[in-house]
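For reference, the structure discussed in these notes is given below.
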Amino acid sequence: MTRIAPVPACLATFLATFLAAFLAAAAALAVTAGLDIATAQQRQPAPQAAQQAAPRRAPQPPPRDYRQQIADALAGALKTSIPIAAFRAGPLQAARAPQPGEQAVCLRAESQGRTDYFAAFLTAGKVETIRRAVGIDRCWEETRYDALPRPAPPKTRPRRD
């Protein structure tokens with residue numbers, strides 16, 4: 001028969017001291033937050049709190065030509081086989097916390113029987129980044145997408161002869 005060795009007195013003392021210090025720190029934190037210990041122990045996080053998206057940044061005035069800027073940026077930014085005419089843009093929104101830029105626009109591209117989502121980000125009224133949409137962008141939830149204008153022809157520099 002296997003015998004379990006008793007817990008050494010020094011380990012028991014250490015664990016008791018550690019537990020007391022931990023509970024004291026938890027109580028101090030709860031008091032600092034304006035709660036008493038009973039309230040802090042009974043409080044359960046709301047299930048929706050974990051599912052809520054990050055707060056949006058303060059809204060900026062929309063640039064008048066942001067849709068044209070996005071169409072022009074798409075022409076040179078994306079290395080995909082999706083034609084620019086397949087892209088549709090959602091409304092301009094304030095960017096969420098980890099997103100780059102101040103404002104965001106969701107883009108939907110339907111080509112070859114497939115739907116792809118992208119996100120464009122603007123800072124100071126200029127397109128900063130265009131990338132494939134990720135979870136925080138929530139582009140798949142957007143319902144209103146409108147066609148983008150045609151991209152402006154590329155500017156040609158005068159030839160030097």
List the trypsin sites (Lys or Arg not before Pro) within the stretch 61-99 that DSSP assigns to loop and that have no more than 15 neighbouring Cβ atoms inside 10 Å. ARG64, LYS79
Taking N as its residue count, the alpha carbon Rg of the stretch 94-161 over 2.2 N^0.38 Å: 1.41
Order these peptides, 101-112, 119-130, by their mean beta-carbon neighbour count within 10 angstrom, highest first. 101-112, 119-130
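Bear in mind these aren't lab numbers, they're just calculated from the coordinates by the rules spelled out. The structure presented is a predicted model; accordingly, all values stated were derived computationally and were not measured. Methodologically, a virtual Cβ is constructed for each residue, glycine included, from the backbone with ideal geometry; neighbour enumeration extends over all protein chains shown.
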